[in-house]
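Data block below; observations after.
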Protein chains: 2
Amino acid sequence: MTTVALDAMGGDNAPNAIVQGALMAARDATLEIALIGRVGELRPLLPRMPSNIHLVDAPDAVGMAESPTASMRQKPRSSIMVGLELVREREASAFISFGNTGAVMAASIRQLGRISGVSRPAIGALFRNARGSISLMLDVGASVDCRPNFLVEFATMGKAYFECVLHHRNPGIALLNIGEEPNKGDRFSKEAHALLQRDEPNFVGNVEGNGIFTGAADIIVCDGFVGNAVLKSSEAVAALLSERLGSVVRSKPHYVLGGLLLKGAFEELKREMDHRSVGGAPLFGVDGTVLIGHGGADAESVNSGLQLARRVGDSELVETIRAALAGSASAQRVERRVESSLDDTPSPAPFPSARSD
Amino acid sequence: MTTVALDAMGGDNAPNAIVQGALMAARDATLEIALIGRVGELRPLLPRMPSNIHLVDAPDAVGMAESPTASMRQKPRSSIMVGLELVREREASAFISFGNTGAVMAASIRQLGRISGVSRPAIGALFRNARGSISLMLDVGASVDCRPNFLVEFATMGKAYFECVLHHRNPGIALLNIGEEPNKGDRFSKEAHALLQRDEPNFVGNVEGNGIFTGAADIIVCDGFVGNAVLKSSEAVAALLSERLGSVVRSKPHYVLGGLLLKGAFEELKREMDHRSVGGAPLFGVDGTVLIGHGGADAESVNSGLQLARRVGDSELVETIRAALAGSASAQRVERRVESSLDDTPSPAPFPSARSD
């Protein structure tokens with residue numbers, strides 16, 4: 001029996017959508033759900049309580065716009081902190097929250113620590129590519145000011161995900177860049193390309209922005225600043241297009257008729273593009289399974305997120321990453337010397353402590 | 001009478017689509033077009049030659065994948081080099097190419113030089129935002145490894161475009177970042193935010209990736225690496241979505257009927273999203289008007305590009321940028337000292353000479 005810890009208080013539609021999603025997922029009796037939040041608020045939403053949903057009280061809730069570090073200081077018993085404690089104490093195999101991404105990240109580092117050998121955590125965005133298979137882009141916002149060798153670690157962690165969770169042994173890994181040739185890009189990308197070429201057997205080269213969604217690569221690595229900007233703008237374009245399509249369709253009577261005939265097609269497409277098809281973004285590099293779902297999640301997305309969290313939590317992902325990066329802590333010291341001869345950019349601060357924002 | 005120099009040899013559909021676009025634009029007798037390329041190839045495409053199209057011979061053509069610097073060395077008489085010469089000699093008020101972006105950029109710097117006070121050139125992407133007005137994002141690929149103060153210059157150049165070409169006196173300027181609060185982002189963005197806040201009265205703060213297309217800001221500034229990745233991925237999402245919509249619509253008979261009824265709506269939407277609505281991306285910072293159009297341009301896009309090139313070439317854009325940045329060359333030296341106390345990243349190479357790739 002797998003227990004997934006679920007943050008009932010995080011997300012734009014919390015706690016209602018979260019509770020409804022938990023009820024959907026609980027139809028599967030082999031899944032245990034620890035539903036974490038203000039019990040007084042949650043109980044009225046659960047007139048009928050399935051035996052595999054367990055309420056766990058957490059008096060505090062972190063808002064979507066709160067400062068991650070301030071939230072930990074001021075709300076040590078938030079649903080996020082309590083949920084991660086369950087993972088740390090091995091009472092749950094995974095934690096998922098649809099709440100404040102920064103707060104989940106900072107609390108995960110505090111509660112679980114990082115896997116030895118990991119320089120920085122990464123949030124991995126999973127999406128269905130144009131070929132219909134799953135692609136993973138990381139990092140999409142956990143770590144900025146990356147050093148080139150962090151991207152080699154991201155590649156290793158992504159590969160572990162494909163191996164352990166998707167049972168795909170040989171994923172192709174690409175570097176997000178602004179040209180396909182090896183000598184393209186900024187200084188950071190040129191160095192990252194050289195390191196990936198040397199150290200990552202599955203490296204297939206650069207992809208440009210228009211290659212992310214084609215399925216040309218299974219895994220796309222990038223600095224968290226670029227990944228975040230690309231992900232958010234891509235989501236926005238998709239939303240904008242479907243909104244514009246809707247308003248053009250409403251603009252003329254025969255369009256409206258066409259729109260009615262195509263209702264099913266539009267819905268099919270929406271489902272295909274939606275987050276709900278994937279459910280959540282794994283936080284790579286922390287010593288335990290943590291997933292971050294989209295703040296706008298509805299009950300169905302929460303249900304998908306719980307399925308995914310169970311699947312990742314049941315896998316050997318963390319152990320595989322640990323084994324793959326074992327000894328790389330010492331390797332990194334060598335790396336740093338090698339790099340500093342290539343590039344005299346100052347070293348960034350070490351792995352952010354839970355106290356830094 | 002305005003003369004626009006048009007590269008007949010650049011683009012995926014060159015020279016045919018270019019010549020057809022020139023013929024469309026030439027219906028307006030007040031526009032003179034210098035059509036530059038291999039005259040032997042062009043003449044057969046022009047059985048009837050309007051009096052306002054002038055063939056200018058250029059024996060060489062630069063391929064889409066050629067190295068920018070090698071192309072200048074090996075093909076000093078390419079259609080790109082010859083077209084820019086016309087601008088330099090004031091025989092044309094603007095040059096537009098739908099060919100190799102890097103080659104146009106490198107050749108523009110070589111032939112025209114940069115405007116005094118400009119540290120780096122920037123390519124500006126113009127698009128219609130969700131409010132229906134024009135937004136400008138720069139840089140989208142001309143300059144990587146930017147220093148924070150380059151973004152202040154990009155803001156100044158973008159503002160000059162709004163003033164001179166769009167007659168919009170007070171555009172709002174935002175910084176592309178991964179959070180809205182001033183303290184968000186990587187080191188580069190935090191510094192750029194501080195400089196924009198201090199030096200740019202029209203600065204409205206950060207926008208995230210999902211704020212680019214909303215119209216929340218008229219001008220969005222960013223490093224060329226990020227801008228390029230965002231632009232290409234956004235274009236790809238739009239293309240992917242419309243392709244998927246097409247194939248879902250073809251999948252069931254009543255969908256096909258709906259699709260026929262909506263044909264006009266889809267076309268309307270496509271036009272709205274297309275490059276052709278804008279026509280080309282101005283290259284900011286070089287001492288003359290240069291526009292780069294999309295390689296996939298068809299005749300209609302070439303026509304739009306020519307209209308835009310004329311409009312920009314007739315404006316006071318270059319002079320306005322020169323006046324706005326006058327004296328900033330000395331200001332930059334001070335800036336550099338101020339910055340180096342904030343950030344000890346090594347200075348990038350000076351403005352790329354035409355010889356660097």
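The values are calculated or read from the model by the stated rules, or taken from the named source; none is laboratory data. Computed from a predicted structure; not experimentally measured. Reconstructed Cβ throughout: ideal geometry from the backbone, glycine too, with neighbour counts over all protein chains shown.
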- Item | Residues satisfying the stated conditions in region A:101-141, i.e. under 25 Å from A:Thr2 (Cβ atoms), surrounded by 24 or more Cβ atoms within 10 Å (Cβ to Cβ) and polar (S, T, N, Q) | A:Ser108, A:Gln111
- Message: Go through region B:29-53 and report how many residues are of a type outside the set (S, T, N, Q) and either buried (at least 24 other Cβ atoms within 10 Å of the Cβ) or in contact (Cβ under 8 Å) with a residue 24 or more places away in the chain (or both).
- Response: 14
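Could you please find all residues in region B:294-326 being within 15 Å of the chain's Cα centre (by Cα) and more than 17 Å from B:Leu86 (Cβ to Cβ)?
Step one: of region B:294-326, the residues within 15 Å of the chain's Cα centre (by Cα) are B:294-297, B:301-302, B:304-313, B:317-318.
Passing the criteria: B:His294, B:Gly295, B:Gly296, B:Ala297, B:Ser301, B:Val302, B:Ser304, B:Gln307, B:Leu308, B:Arg311, B:Leu317.
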- Output the number of the condition that B:Phe188 fails; it satisfies all remaining conditions of (1) surrounded by 24 or more Cβ atoms within 10 Å (Cβ to Cβ); (2) within 9 Å of chain A (Cβ to nearest Cβ). (1)
- Options B:Asp343, B:Asp357; residue that is modelled with pLDDT under 80 and either in contact with an Asp or Glu (Cβ under 7 Å, 6 or more places away or on another chain) or of a type in the set (Val, Ile, Thr) (or both): B:Asp343
- Task: Of the numbered conditions (1) at the interface with another protein chain (Cβ under 10 Å from one of its Cβ atoms); (2) farther than 19 Å from A:Ala130 by Cα; (3) surrounded by 19 or more Cβ atoms within 10 Å (Cβ to Cβ), A:Leu257 fails exactly one; give the number of that condition.
- Result: (3)
- Task: May I ask you to verify whether A:Leu195 is assigned to a strand (DSSP E or B) and aliphatic (A, V, I, L, M)?
- Result: no
- Query: Checking B:Asn202 against (1) in contact (Cβ under 8 Å) with a residue 12 or more places away in the chain; (2) among the polar types (S, T, N, Q); (3) at the interface with another protein chain (Cβ under 8 Å from one of its Cβ atoms), which test does it fail?
  - Reply: (3)
- Task: Only residues in region A:213-233 that are more than 8 Å from chain B (Cβ to nearest Cβ) count as the first member; pair them with residues that are basic (Lys, Arg), Cβ under 6 angstrom, at least 6 apart or cross-chain, and list the lot.
- Result: A:Gly215/A:Arg131
- Task: Among the residues of region B:159-185, count how many are surrounded by fewer than 23 Cβ atoms within 10 Å (Cβ to Cβ), among the basic types (Lys, Arg) and more than 17 Å from A:Ser143 (Cα to Cα).
- Result: 1
- Message: Just to verify a result, which residue in region B:130-181, among those that are closer than 17 Å to B:Leu308 by Cα, of a type in the set (Gly, Ala, Ser) and not in a loop (DSSP other than H, G, I, E, B), is modelled with the lowest pLDDT?
- Response: B:Ser135
